[in-house]
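Structure, as structure tokens:
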Amino acid sequence: MSVKFTTPKGTHDILPEQHKYVTLIKKIVRHRCRQHGMRRISTPIFEDVDVFARTVGADSDIISKEMYVFDDKKGRTFALRPENTAGVMRSYLEHGMGSLPQPVSFYYFEPFFRYDKPQKGRYRQFHQYGVEIIGESDPALDAQCIKLMDVINHDLRIHEGLSLQINTIGCPKCRPEYIEQLKNYYFGKDRSMCSDCIARQHTNPLRLLDCKQEDCHILASLAPRMSTYLCEECKTYHATLKEYLDELGLQYTENEFLVRGLDYYTKTVFEYWDEKTGAQNAIGGGGRYDGLAEILGSSVHVPAVGFAAGVERMIERIKEQNVYVPDKDKVHVFVAQLGPEAKKKSLSLLYQLRDRGIKATGALGKASMKSQLRLADKFEADYCLILGQMEVLENTIILRDMKAGKQEIIPFAKTIDKLVKLIGEEELDYYHFFEPNA
Ligand code: AMP
């Protein structure tokens, strides 16, 4: 079949057979975050462009090259969100969450948009789950973020072959002096630098340290190190963080070239890398961003820490590593019917089955019995219920075990009890919620 419309470049449909991966990740994330006392937040997909432009840093790649920006009918400029930290902090400030018990801990699972060059693991619409802990500064909170991501990777069985990289990029007290030294070091070396790095000297000097170009990499390896310039507070903070990581049994690589692309980070930065491909294919990363609230106009200092992880890259790992992924979509029962009376009866039977937690479907079109049975096979239903004119008259139904290829005639009234016994109470699909005092 020729198609006129396809998904825009760099985006993809999540087809039903792919959703089991998303569901698994979502469930594990929700479960672990709830255990940590975190609550879910969703902010709009688009925001005032300045929420990102001011905070992420106008010279970062995300803002200068990758943001989808548009004007609405009244000429206001918005951007599709490229990340979530700025939006969550905007929400925290807008709703006066500073008056709640601190820190306020959020988690999210949402789509994001970056006008990146699409390639494996890099898309224009992608999904991240992430965590933001806002309102307190303590290395124990940073350690908890780092550990939470590790725990989720373990739960998903994708932790093998990931390495934790950590660094500190100082604070407004000590970083300016380091940046000056970095600029001095790079001064006059334009001929050995890529064009991006030549610009970065003036716009985002820290990013000189993580350029992937070979010559730039060599230059960076000889550049002054942040660790030499850290103030006492940042030094102690980082040392304590490492003690906490040791306490939590986390192995890490100290990587002084890890800076992350965004302006708003202070002190801790971290990423989980694929050991084979390194920074190219990070599963996720984050850090502390104590200065973000003030950039967004807050008159109060609001320290915070968080991380984001890429769902598509996690799914890729789940597939590569052949992790078992439960699939709850398979139906238990297929109902086949023939004749107007049987069709009527099967329609209400389908609802009785579903009300009892049995996943049931049927061919309610005009197909012949033979093609309905073929469909039951294709749906890989465990059981098939067959209702013809004769069965309607006799108040019976045929129950066919599709795997065993055997069938029996049973009284219609016994259908549900019989199926529940065969399927097993624990396999039934219910949504339970209990009202207090009900
Ligand atoms: P970042 O905050 O930019 O480091 O993003 C956090 C994580 O999101 C990355 O480690 C990736 O796993 C994922 N990610 C970032 N950009 C993309 C993209 N364009 N396509 C798919 N995943 C992405």
Could you tell me whether residue 140 is surrounded by fewer than 20 Cβ atoms within 10 Å (Cβ to Cβ), away from the ligand (no atom under 16 Å from the Cβ), over 27 Å from the mean Cα position of the chain (by Cα) and of a type in the set (Gly, Ala, Ser)?
no
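Within the group 305, 392, which residue is within 16 Å of the ligand (Cβ to nearest atom) and surrounded by 13 or more Cβ atoms within 10 Å (Cβ to Cβ)? Give the derivation first.
Values: 392 fails: within 16 Å of the ligand (Cβ to nearest atom).
Answer to the check: 305.
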The residue that is nearest to the chain's Cα centre (by Cα), considering only those in region 164-215 that are surrounded by 18 or more Cβ atoms within 10 Å (Cβ to Cβ) and basic (Lys, Arg), is 207
Every listed condition ((1) in a loop (DSSP other than H, G, I, E, B); (2) farther than 30 Å from residue 216 by Cβ) holds for residue 170 save (2)
Kindly provide the set of residues from region 237-255 that are farther than 15 Å from residue 288 by Cα and either buried (at least 18 other Cβ atoms within 10 Å of the Cβ) or within 25 Å of the chain's Cα centre (by Cα) (or both), ordered by number.
244, 245, 248, 249, 250, 251, 252, 253, 255
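Taking region 1-16, which residues are under 20 Å from residue 113 (Cβ atoms) and among the small types (Gly, Ala, Ser)? Walk me through it before giving the result.
Taking region 1-16 as the starting set, the residues that turn out to be under 20 Å from residue 113 (Cβ atoms) are 5-14.
If the condition is that a residue be under 20 Å from residue 113 (Cβ atoms) and among the small types (Gly, Ala, Ser), then 10 is the only one that fits.
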What's the number of the only condition in (1) over 32 Å from the mean Cα position of the chain (by Cα); (2) farther than 19 Å from residue 171 by Cα; (3) acidic (Asp, Glu) that residue 232 fails to meet?
(2)
Can you confirm whether region 146-160 contains a residue that is acidic (Asp, Glu), within 16 Å of the ligand (Cβ to nearest atom), crowded, with 18+ Cβ neighbours inside 10 Å and within 20 Å of the chain's Cα centre (by Cα)?
yes
Could you list all residues from region 245-271 that are outside any loop (DSSP other than H, G, I, E, B), within 16 Å of the ligand (Cβ to nearest atom) and in contact with a helix residue (DSSP H, G or I) (Cβ under 6 Å, 6 or more places away or on another chain)?
268, 270
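Conditions tested, residue by residue: (1) modelled with pLDDT under 95; (2) farther than 22 Å from residue 420 by Cα; (3) acidic (Asp, Glu).
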{"position": "363", "(1), (2), (3)": "yes, no, no"}
{"position": "368", "(1), (2), (3)": "yes, yes, no"}
{"position": "375", "(1), (2), (3)": "yes, yes, no"}
{"position": "383", "(1), (2), (3)": "no, no, no"}
Cβ-Cβ under 8 Å, sequence separation 6+ or interchain: first residue in region 126-140 and more than 18 Å from residue 151 (Cα to Cα), partner part of a loop (DSSP other than H, G, I, E, B) and within 12 Å of the ligand (Cβ to nearest atom). Which pairs?
126/114
Of all residues making up region 275-297, the number that are crowded, with 19+ Cβ neighbours inside 10 Å and within 15 Å of the ligand (Cβ to nearest atom):
9
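From the residues in region 73-130 that are of a type in the set (S, T, N, Q) and within 12 Å of the ligand (Cβ to nearest atom), which one is surrounded by the most Cβ atoms within 10 Å (Cβ to Cβ)?
Our first condition is that a residue be of a type in the set (S, T, N, Q); within region 73-130, this holds for 77, 84-85, 91, 99, 102, 105, 119, 125, 128.
The next check asks that each one be within 12 Å of the ligand (Cβ to nearest atom); those that pass are 84-85, 119, 125, 128.
Working: 84: 23, 85: 26, 119: 9, 125: 17, 128: 20.
Among those residues, the one meeting the criterion is 85.
Within the group 55, 43, which residue is in contact (Cβ under 8 Å) with a residue 12 or more places away in the chain and either in contact with a Leu (Cβ under 7 Å, 6 or more places away or on another chain) or surrounded by fewer than 16 Cβ atoms within 10 Å (Cβ to Cβ) (or both)? Break it down stepwise before answering.
Numbers: 43 fails: either in contact with a Leu (Cβ under 7 Å, 6 or more places away or on another chain) or surrounded by fewer than 16 Cβ atoms within 10 Å (Cβ to Cβ) (or both).
Criteria check complete, one pass: 55.
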Quickly run through region 395-438 and pick out the residues that are surrounded by 13 or more Cβ atoms within 10 Å (Cβ to Cβ) and acidic (Asp, Glu).
401, 427, 429
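The values are calculated or read from the model by the stated rules, or taken from the named source; none is laboratory data. No experiment lies behind these values; they were computed from the predicted model shown. Neighbour counts run over all protein chains shown; Cβ positions are idealised from the backbone, glycine included.
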